[in-house]
Amino acid sequence: MPQTVASTCIIFNPTARGERAQARLRQLRERAGDARFLPTAEAGHAVALAEQAAREGSGTVVAAGGDGTINEVVNGLMRMPADARPRLGVVPLGTANVYARELGLPLSVDATWRVIAAGRERRVDVGVARAAGGEQRYFAQLAGAGFDALAITALDMRLKKKINWLSYVISGFRTVARGLPRLTVTADDRRCEGRFVFIGNGRFYGGSYRMFPEARLDDGMLEVCVFEGGRVLDVLRYLPCVLAASHPKLADVHYFRAKQVRVESRQPVPTELDGELWKNCPAEFSVETGALRVVVP
C-alpha cells in the first residue's frame, strides 16, 4: 500500500558534483511535495540521518545519490530492529547507479519518484562484512578485495571530475601495472587463490556489467568471482569476457555461490563495499536474508 509523501524522508548530498546532479536535485524537490529532506554534512553522515529518520517514524527513507549514499542509508536502516525498519527508496543521482539498475529502477527523477509514490516493494537480502577487529558493515550490492579497492585508493579525484568513470579505468590499469597481491579465498567448503576477488549480492558491477550473472537479491546467497591473473595482459583478456558475461567459463576464473566467504592476504590489502573503501583483509562476508524492504517498479 502506498504511504503518504509526508511519511517519506529523503537523504541527499547538497554538494553533489556537477550541474546535472544539482539540476536533478532541484527537480526532486519540485516532485517530492511534503517529503522531508535531510542533507548530509560530511562522509558517513547519511548513516546517522537514516537511523534518525527511522526512529522519528519515517515509513520510507530515500537515498538520493550514488551507490555510496545508498550504502550509508542501508547501514543506518540496519541499525533498527527488523520490525521497526523503514523501507528503502532510491533516486539514482550517482555515476554508475549500480543498485538502482539492479532494482530495475528508471534513471530519471520523474519516473523514479512515480515508483516511490506508487509504493510497490520487494524484500531483499543485505550483505554483511566483518573485519578482523570485529567491526561490521553492511553492503547492498557488492564487495571487492584487491584490484578494485586498490584502484579506488589510487583514484585521482581531479581527474574523476573531468572524465567521470574513465578515471576508474585509468586508475585500474595503473594499479595492475604496479602489481597485485595474492589473495586466498575460503568459501563454505572450497578454497582458491587469485589476484582480485568480487563478491556479489546482485548481478551488476560498474553500471550494468553482469559480473555475477546468476545472482539474485533475494536468494540468501552471495556470488563469488575470483580472478587468478594479475597482469595487464590478463586484465585485457578478462575485460571482453566480463562485458559478455562469459568470464565464469574461463579456466583461471573461479565462480561459485556461498553463504560465508573469507578473504585473506599476507600483506595489507584493502576491501571495498558498494564502491567505498573499507577495512583491510582479512575480512569475512555473509548475507542477511530478507533483511530489507525496497521500493521497486
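We did not get these values from a lab; they are worked out from the coordinates using the rules stated. Just so we're clear, the structure is a prediction, and the values are computed from it rather than from any experiment. Cβ placement follows ideal geometry from the backbone for every residue including glycine, while neighbour counts extend to all protein chains displayed.
Find how many whole Å separate the alpha carbon centroid of the range 240-297 from the alpha carbon centroid of the range 11-57. What the calculation gives is 28 Å, centre to centre. Length gained on full extension, ARG55 to GLU19, computed as 0.36 nm times the residue gap minus the Cα-Cα distance: 9.6 nm. Dipole magnitude for the range 129-289: about 580 debye, using +1 per Lys or Arg Cβ and -1 per Asp or Glu Cβ, origin at the Cα centre.
Quote the charge dipole size of the chain about the Cα centre in Debye, to the nearest 20; the model charges only the Cβ of Lys and Arg (+1) and of Asp and Glu (-1).
600 debye
For the pair ASN280 and ALA41 in one chain, pulling the backbone fully straight at 0.36 nm per residue adds 83.4 nm over the alpha carbon distance.
The share of C-alpha pairs in the chain whose separation exceeds 30 Å stands at 29 percent. Calculate the tail of P(r) for the range 129-289: the fraction of all Cα-Cα distances greater than 22 Å, expressed in %. Everything past 22 Å amounts to 36 percent. The residue among SER246, VAL295, ALA187 whose Cα reaches farthest toward the positive pole of the charge dipole of the range 168-297, with charges on the beta-carbon of Lys, Arg, Asp and Glu, is SER246.
Nearest 500 deg cm²/dmol is fine: what mean residue ellipticity at 222 nm does the chain get from its DSSP H runs of n ≥ 4 alone, each adding -39,500 (n - 2.57), divided by its residue count?
Rounded to the nearest 500, it is -9000 deg cm²/dmol.
Quarter the surface of the alpha carbon convex hull of the range 5-119 and you get the mean projected area, 6.3 square nanometres.
Ordering TYR99, TYR255, TYR138 by the number of other Cβ atoms within 10 Å of each residue's own Cβ, fewest first, gives TYR255, TYR138, TYR99.
In this structure, the amide hydrogen of LEU292, modeled 1.01 Å from its nitrogen in the peptide plane, lies closer than 5 angstrom to those of VAL124, counting only residues at least 5 positions away or on a different chain. Packing, taken as the mean count of other beta carbons within 10 Å per residue, orders the peptides 191-199, 280-288, 231-239 from highest to lowest as 191-199, 280-288, 231-239.
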